[in-house]
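The values are calculated or read from the model by the stated rules, or taken from the named source; none is laboratory data. All values derive from a computational prediction rather than experimental measurement. Here Cβ is always computed from backbone atoms with ideal geometry, including for glycine, and neighbour counts include all displayed protein chains. Surface areas here come from the heavy atoms of the whole protein model, side chains and all, with no ligands, DNA or RNA. Shrake-Rupley method; radii C 1.70, N 1.55, O 1.52, S 1.80 Å.
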Amino acid sequence: YPGPGWYRKKVTIPTDWKGKVPWLIFAGIHREAEVWVNGQPAGAHHSYLTPFRIDLSPHAQSGETITIAVRVDARHRKEVDPLMGCLDTLDFLYVTWGGFHGRVRLEATQATRMDDLFVVPQLGAETAEIRLAIKGPRTGQLAVAAEILDASGTVVVSVKEAIAADATEAVLPARIPNAMLWSPKTPHLYTARVRLL
C-alpha cells in the first residue's frame, strides 16, 4: 500500500527525563513522513530507509502524555524526487510498498550534546577524522574523547581534545598506524566510540 497511511499513538515522556531533551526516533520510512504532536506540526522527513529523529522538547515535558500522529506517503512525486525509488530489487519488480521501516522509539539526551557525528577516513595520512556538532547550552569546559577499536574490540588509538568555548563544531583527528583497509575480500571495519565530556 503506497499511502498515505496514518499512524497514531499516545505516549508518556518518562518523569526521570526532566532536564533532558526527548527525541522521537524513526529507523526509517518510505518515502516521506509528516509528524504531529498533540495536533501541532513537529517535523517532516523525505527519504528512503534512512533514520531520522524529531526533537519533542518544544511539544512535551517529562511526565506529560502526548499524542503522536504520523502520515507516511510512499507515492512517487516526480516534482520532488525524479528517481524511481531507492533502486533496490523491489523497484525493479515494480512492487508497491510503503510505511515504517524498523522501530519507532523515544530516547533522551542531555541538553548539551553531540550531533551530526561522522568519521572521514584520510587514507594517505592513516587518520580517521571524527567530525561532530555541539548543541545545547554550555555550563563549563567541554572536551571530546574518542577511542578507535579494531574488529576484535581492541583499542588501537585514544584521543582527547578540549573544545573552544564558542565552538559549535569539533574535528578530532585519530591516527591509526598500519590501518587495515576494507575490501570485499577483507571486510575489515573499525568502531569509533566518541564521548562528550
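For F26, F118, F100, give me the order by solvent-accessible area with a 1.4 Å probe, most accessible first, ignoring ligands, DNA and RNA.
Of F26, F118, F100, the descending order of accessible area is F118, F100, F26.
Between R193 and E161, 0.36 nm times their residue separation minus their Cα-Cα distance comes to what?
10.1 nm
Sticking with the crude label model, points 7 Å out along Cα→Cβ, report the distance from T67 to L181 in nm, one decimal please.
Output for this residue pair reads 5.7 nm.
Could you state the accessible area per residue of segment 89-197 in Å², with a 1.4 Å probe and every protein chain left in place?
66
Would you list, by chain and number, the aspartates and glutamates whose Cα falls below 14 Å from the Cα of K78, excluding same-chain residues fewer than 8 positions away?
By straight Cα distance, K78 reaches E32.
Specify the residue with the greatest mean-square fluctuation among W97, W182, W17, computed from a Gaussian network of the chain linking alpha-carbon atoms under 10 Å apart.
Highest fluctuation among the options: W182.
How many percent of the accessible area of the chain is carbon or sulfur, using a 1.4 Å probe?
Values: 6700 of 12060 Å².
Whole-percent figure for carbon plus sulfur exposure: 56.
Using a 10 angstrom cutoff on alpha carbons, build the Gaussian network for the chain and name the most mobile of S158, S183, S47.
S183
Measuring from label point to label point, each 7 Å out along Cα→Cβ, what is the T154 to T15 span in nm?
4.9
Run the numbers for Y7 and W97: contour at 0.36 nm per residue of separation, minus the present Cα-Cα distance, in nm.
30.8 nm
Taking the Cα centre of each part, how many Å lie between segment 1-70 and segment 115-186?
Centre-to-centre (Cα) distance: 30 Å.
What does the charge count near T112 come to, summing +1 for each Lys or Arg and -1 for each Asp or Glu among other residues with Cβ under 11 Å from its Cβ? Don't jump to the answer; show the numbers that get you there.
Working: positive: K20, R113, K135, R138; negative: D115.
The answer is +3.
How long is the gain from N38 to T127 if the chain were fully straight, where each residue apart is worth 0.36 nm and the alpha carbon distance is subtracted?
27.4 nm
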